[in-house]
Each structure stands twice: as C-alpha cells, then as structure tokens.
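The values are calculated or read from the model by the stated rules, or taken from the named source; none is laboratory data. Since the model is a prediction, treat every value here as computed from it, not as a measurement. Cβ: placed from backbone, ideal geometry, glycine included. Neighbour counts: every protein chain shown. Heavy atoms of the whole protein, side chains included, go into the accessibility calculation; ligands, DNA and RNA do not. Shrake-Rupley method; radii C 1.70, N 1.55, O 1.52, S 1.80 Å.
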Amino acid sequence: MTIIKVQKGTKDILPADMPLWHFMEEKANEIFTKYGAKEIRTPIFEATELFARGVGDTTDIVNKEMYTFEKSERSLTLRPENTAGVVRSFIENGMHRLSAPVKLWYKGPMFRYERPQAGRQRQFHQVGVEVFGIQQATADAEVILMAVNYLKALGLNDLSVEINSLGCPECREVFKTKLKEVIKPYLNELCPDCQSRYEKNPLRLLDCKVPECKEIYAKPEIQTVIQSDFICEDCANHFNELQTYLNELGIKYSINKLLVRGLDYYNRTVFEITSNNLGSQNAVCGGGRYDSLVKNLGGEDTPAIGFAMGMERLAALIENKEDKKTKAFVVSNNMTEALKLTESLRQNGITAEFDLTNKKFVKQLEKASKVAEYALILGEDEISQNKITVKNLATSEQKTIDCKEVISLLN
Ligand code: ATP
Ligand code: MG
C-alpha cells in the first residue's frame, strides 16, 4: 500500500523538537506579559472577505497565497496572518471600551500557498503582538522593544533592526505620484507583478525581488525620489520621536527607505528585524503601524501597531534544547505496587514511569538509566518493609528509605 506522506510545505513538529518550541512559547508568555500584553487565540479560518479587506487585495498574500474553500456557500480562508483576525475579535468583543492601550499577543499556525524552500513553508507558525489605542510614538518604541527583548530572551544577538516611515495617506499620495512619474519611462521593462503594482500599489514596487526591477529602481533619478524626505511634518515628528526613544534605550537600528512591508494597511512606522545567520529568507520579524485598519473593518477609529515573527525561522537560529529526563522510574515486578507508587508520585508533582510490560528486573533497570534521573526499586523485601531503594542514576549512589520519605527526597 502506498504510504500517505505529509503535505508539501508542511512539517511535523516532533517530540524531539518540542523542548525548543516550548522554550519559544514560554519566553513569549514571559516577556510579553512583562509589558502588560494578554494572550488571544482566534480561529484558524475566517471569512475570506476579512483578509481581502484586512490584508489588502493588492498584496501577494491575498492574490496568490490564500487557502480558500467554500462551505455552505460561504467563502472561508485559512488565516495567512493573525492581525486581521485579532482586529476582527477586537471589534466584535468591544475591546475599544477597555482602557487603552489594549495589548494582545498570539501564537499559532498560519497558512500561505507559497513555493516551499528553506525558511518558507505553507503551514508555518507566528508569534506576534498587537497594541491598540495609542497614537503616540511611545507605543511604536514599546512594540519594537517587545520584539527586540523577546529575541534577546531567546538568545539571539546577531540581529539588525530596520525602520522606516511610510507617512500618512495624505503625504504618501504625493510620494506615490512622484514615484510613478519617475518610474513611468521604464514601465515596459518591469516584471509583470511590478506593472500591476504600478497602478494598484506603487509603494510595493520598492519591495520587488526581481534583479532587473531592482536595477531600474537603483537608477539615480529614481533613488533621488526614494531617498527624499517626503513625509509631512506630523509624520516626521512622530518618526523623530521614535528614533529619540530608540537611541535613548540603546536599541541599534538603521533607516531603510526601501522598507515598505507586504501588507496594504501600514502607515507611519514600519520595521523589520533580520538575522545575519539565516540564508536568503532572513526576515524573522515584520511589523508596523496600522491606524486605519480597525475603522476599515467596521470598528471605532483606533490607532494600532504590531508585529509578527516566523517561529520556524527563530527555531532555526536556536540550538535545540535537551529533553528533560523523567524524574523517577519505578523498577518492580509487582505491577500493582508499581502502578500505585508511580501514580502517587505524579499526584505529588513528580514525573514518573514504570515498565508496563513487567520485564525482567535487570532490563527495567537498564531502561531506567536511559530515561530517568532516579530508579525507585521496589523488590519483595522493600514491599514487605514498606520501604523503597532510591538509586541516583547519575552517581549510582543508592539508599533504602521509608516510603513516605520518597516524595520529599525527590521534590
Ligand atoms: P517574506 O518577505 O519572507 O515573505 P513576509 O513579509 O511575507 O515575509 P510577514 O507577513 O511580515 O512576512 O510575516 C512575518 C514573519 O513571518 C516573516 O518575517 C517570517 O519570519 C515569517 N514568515 C512569513 N511567511 C513565511 C513562510 N511562508 N514560512 C515561514 N515563515 C514565514
Ligand atoms: Mg511573504
């Protein structure tokens, strides 16, 4: 019979990988909680329209990468990212009534129909943060700090933080017009994607990875427009304020005017964190401000800023963690006593196992030394005297103690 295999672009996260995943998840909880963020879990599928409106229908994500299906004449989509879902939940649950800021964090699987390669899967995981209700650049600084400090807590150091300001819809319009003007003579030479971006979302031209397009955008007259300070005074003040905070906090960053990010809804601050230890898919974190999204999705006008990180890319940078050994392995040929002792250890917070198949004593001891820190030996003598022989499997030291002492000894 043919064996059914895991789907292209998806991966099992096996028990051996779990210590690393638990480490990433526990650190997220620990660090984001310090900043006052609460975890939220939204459904894995949502109405397709949420992503069309929330991510933007000029983006690659919505145009090419969505897993969309019909059920009861409804179009549903597996979430390609979690911001839209979190915003939907924010609105639906009236979270604008909570006192601002509302800080939420999430973790979980996302789905994008992309060409699988190193660092790029079709089902992958993100951990992310969204902060609602604050217009000031203090929120931008705090969100970047949350990202940087989470990555530090994971032990990642060789990282670059890049920031940019996309301005507001008003000042961006002027920039878009100038950009289109200067690129127009080359329109026919651009890749098909860029040709359609040119009309729909010209800012995204700067994001193109096609070498021929990149060469065109590197031309001096185009660079002059890209590098110009197009943002209005208010946006410039906001951006300067953010930089002051980052400087004061000693967060190293650089300004990248080509950083426009893939999603349609960003305004003002956008940022990306890349690792210098990954190959071509080196972005571990992407984020930005999205002050119009809550309103666009039908909520009260609420400014917001957030980020998402790719957990597989983080995992690739962290050394695998050792799996913890079981604390106690009960060695006995009396199955009832073994079962009772093992269970009472577990009830007292001690990880414990015994040999379910009642193998020979020596075999059980062998197994114990592989999987556990202590062997708890329960032979005929021990049972009759209500005692246990405790063997430290690292040092081979052993002693026989009263049954009731074992829990305090191991705890
Ligand atoms: P990229 O330019 O690498 O496609 P993106 O701009 O599409 O990234 P975002 O939507 O900002 O990515 O998602 C945030 C993070 O999620 C990325 O920085 C990356 O670490 C991770 N990520 C995105 N797509 C994938 C994927 N297909 N497989 C694994 N991780 C991914
Ligand atoms: Mg992408």
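Observations on the model:
- Checked against the criterion of being at pLDDT below 95 and outside any loop (DSSP other than H, G, I, E, B), the candidates Leu409, Leu376 yield just one match: Leu409.
- Candidates in region 110-122 are the residues that are assigned to a strand (DSSP E or B) and surrounded by 16 or more Cβ atoms within 10 Å (Cβ to Cβ); of these, the one that is farthest from ligand 2 (Cβ to nearest atom) is Phe111.
- Within the option set Leu154, Leu159, being open to solvent by 40 Å² or more (accessible area, probe 1.4 Å) and in the same structural domain as Gly299 (by TED's automatic domain parsing) holds for one residue only, Leu159.
- Flag not set for Thr326, criterion: more than 16 Å from ligand 2 (Cβ to nearest atom), touching a residue at least 12 places away in the same chain (Cβ under 8 Å), open to solvent by less than 20 Å² (accessible area, probe 1.4 Å) and among the β-branched types (Val, Ile, Thr).
- Of the criteria (1) surrounded by fewer than 17 Cβ atoms within 10 Å (Cβ to Cβ); (2) part of a loop (DSSP other than H, G, I, E, B); (3) among the basic types (Lys, Arg), which one Arg261 fails: (1)
- Candidates are the residues of region 21-39 that are open to solvent by 20 Å² or more (accessible area, probe 1.4 Å) and in contact with a helix residue (DSSP H, G or I) (Cβ under 6 Å, 6 or more places away or on another chain); the one that is farthest from Tyr290 (Cα to Cα) is Lys27.
- Looking across region 1-20 at every residue that is without any contact (Cβ under 8 Å) to a residue 24 or more places away in the chain and not acidic (Asp, Glu), the one that is least open to solvent (accessible area, probe 1.4 Å) is identified as Ile13.
- Within region 71-97, the residues that satisfy the criterion of being touching a residue at least 24 places away in the same chain (Cβ under 8 Å) and either within 16 Å of ligand 1 (Cβ to nearest atom) or in a loop (DSSP other than H, G, I, E, B) (or both) are Thr77, Leu78, Arg79, Pro80, Glu81, Asn82, Thr83, Ala84, Gly85, Val86, Val87.
- Taking the listed residues Ala100, Ala118, Ala139, the one that is more than 14 Å from Thr10 (Cβ to Cβ) and within 12 Å of ligand 1 (Cβ to nearest atom) is Ala118, with no other qualifying.
- Selection of helices (runs of 4 or more DSSP H) fully inside region 130-207 by the criterion of at least 3 residues being farther than 20 Å from Ala308 by Cβ returns 169-183, 192-200.
- Hits in region 1-25 - residues which are over 16 Å from Pro116 (Cα atoms) and either β-branched (Val, Ile, Thr) or not in a helix (DSSP H, G or I) (or both): Met1, Thr2, Ile3, Ile4, Ile13, Leu14
- Residue within region 45-52 that is crowded, with 17+ Cβ neighbours inside 10 Å and touching a residue at least 40 places away in the same chain (Cβ under 8 Å) present: yes
- When Gly288, Gly279, Gly250 are checked against the criterion of being closer than 27 Å to Ala316 by Cα, within 16 Å of ligand 1 (Cβ to nearest atom) and loosely packed, with under 14 Cβ neighbours inside 10 Å, Gly279 stands alone in meeting it.
- Look at region 175-186: where a residue is of a type outside the set (Gly, Ala, Ser) and a partner is not in a helix (DSSP H, G or I), sitting 6+ places away or on another chain with Cβ atoms under 7 Å, you get Phe175/Gly167; Phe175/Phe230.
- Single match in Ile305, Ile350, Ile318 (criterion: modelled with pLDDT of 95 or more, closer than 30 Å to Asp158 by Cα and either outside any helix (DSSP H, G or I) or open to solvent by 20 Å² or more (accessible area, probe 1.4 Å) (or both)): Ile305
- Filtered residues of region 184-216 (kept if open to solvent by less than 80 Å² (accessible area, probe 1.4 Å) and more than 23 Å from Tyr265 (Cα to Cα)): Tyr186, Leu187, Leu190, Cys191, Val210, Cys213, Ile216
- Taken as a whole, the structure leaves Asn267 outside the set of residues that are more than 15 Å from ligand 2 (Cβ to nearest atom) and open to solvent by 40 Å² or more (accessible area, probe 1.4 Å).
- Test for Val62: is it in a strand (DSSP E or B) and either among the β-branched types (Val, Ile, Thr) or open to solvent by 30 Å² or more (accessible area, probe 1.4 Å) (or both): no
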